[in-house]
1. Within the accessible area of the chain, what % is carbon and sulfur when the probe is 1.4 Å and the other protein chains stay in place?
2. Leaving ligands, DNA and RNA out of it, work out the accessible area of TYR136 with a 1.4 Å probe and give it in Å² to the nearest 10.
3. Which percent, to the nearest 5, of DSSP beta bridges fully inside the stretch 189-345 are antiparallel?
4. Looking at the chain as a GNM with Cα springs under 10 Å, which of THR99, THR175, THR124 has the largest mean-square fluctuation?
5. Of the peptides 207-215, 320-328, how do they stack up when ordered by the mean number of other Cβ atoms within 10 Å, highest first?
6. Give the distance, in whole Å, between the Cα centre of the stretch 159-177 and the Cα centre of the stretch 81-104.
7. In whole percent, what relative contact order does the stretch 61-145 give with Cα contacts below 8 Å and a gap of six or more residues?
8. Choose one of SER123, SER173, ASN258: the residue whose Cα lies farthest towards the positive end of the charge dipole of the chain (beta-carbon charges +1 Lys, Arg; -1 Asp, Glu; about the Cα centre).
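The values are calculated or read from the model by the stated rules, or taken from the named source; none is laboratory data. Nothing here was measured: the structure is a model prediction, and the numbers come from that model. Note: ideal-geometry Cβ built from the backbone for every residue, glycine included; neighbour counts use all protein chains shown. Please note that ligands, DNA and RNA were not included when accessible areas were found on the heavy atoms of the full protein model with its side chains. Shrake-Rupley method; radii C 1.70, N 1.55, O 1.52, S 1.80 Å.
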Amino acid sequence: MSERTILITGAAGEIGHGLINALAGQPETRVIAMDLREIPEHLQHKVDAVHVGDICDRAFIEHVVSLHRVNEVMHLAALLSTSAERAPEQAHEVNVQGTFNLLRTSAEHAQAYDNPIRFIFPSTIAIYGVDPREKYELPPIREYQALTPITMYGANKLYCEAMGRYYGRYYRSITRGQRRPPIDFRCLRLPGIISAETVPVGGTSDYVPEMIHAAARGEPCVCFVREDTALPWMMMPECVEAILRLAEAPVLSRCVYNVAAFSATAGMFAESVCEHFPGAEISFDAHEGRQSLVDSWPSDVDCLRAREDWGFEPRWTLDEAMREYIVPTVRARYGDAPAHEGATS
Ligand code: SER
């Protein structure tokens, strides 16, 4: 691949951390970090430029894209599902208008330089809406099924997938003639993501990372969904690997892919956390609203297309992920958790 100038929006967030660490120092790669907040200091020296500003500000986006002659975008900035339900109109602004600003600016810039811009877009299992009564009878959901989201976040992401497909395949189809579409749009529908290094904010799948980080800090945790609630999951290193692999794949026949490593219930995670942190105190007290969101998301997704088209390959099962990634990484972060009273070790 020729020289890459990658704009990462939402760079101060969890996936931003992972991507910046993975891209830092790669040959012929410049990373431009953008976020509404300041980028943490330890990441600043790993990127080539930092811009603090709002993706809803089109002039700001235009300035950054043309200043650096960006040829690839990893658009991570978004309000996740719980935040979006608390402020739906603001979520629409950020998730839809922000994405549109970025797609439109990228398309204009690509046309000016006659060079398509690769646009990587993380979508989500929240674009699915399954009937909670059928959730556990359904086989792993395929990309074209159950596209009836019940959340603002899911609706926003599903619409942005369609907008990306439009810019990537059909842009100005009546008048474009033989010219290529300006955007090479590639999208992953992410499951719940678990990072041992950072703590998520504003998502609904946060209950698993919350219980892991609480146990590692020696703090009790009340899980806000029922013990039998299942979702598909993957670890942050697998997520970063998948984004990079999709970004580096040759021409693809489709633009939207499910990815996940395994399906597991909250109870399975709690049990595993308690095995590794014998003093952990995890209880369950379902929050009706947040539970209803998770109940509408599939318990598993079919990732065959990602495996076949660009070699998606998750690394870990739940047990392996706990042993090889989560436990050693959180222990390195917090040290050995103080044992609670009554702990067996
Ligand atoms: N992790 C996201 C959320 O909880 C779902 O993809 O909002």
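1. Values: 7360 of 15070 Å².
Ligands and nucleic acids excluded, carbon and sulfur reach 49 percent.
2. 110 Å²
3. Restricted to the stretch 189-345, the bridges split so that about 35 percent are antiparallel.
4. In the Gaussian network model the winner is THR175.
5. 207-215, 320-328
6. Cα centroid of the stretch 159-177 versus Cα centroid of the stretch 81-104: 20 Å apart.
7. 39 percent.
8. Of the listed residues, the answer is SER173.
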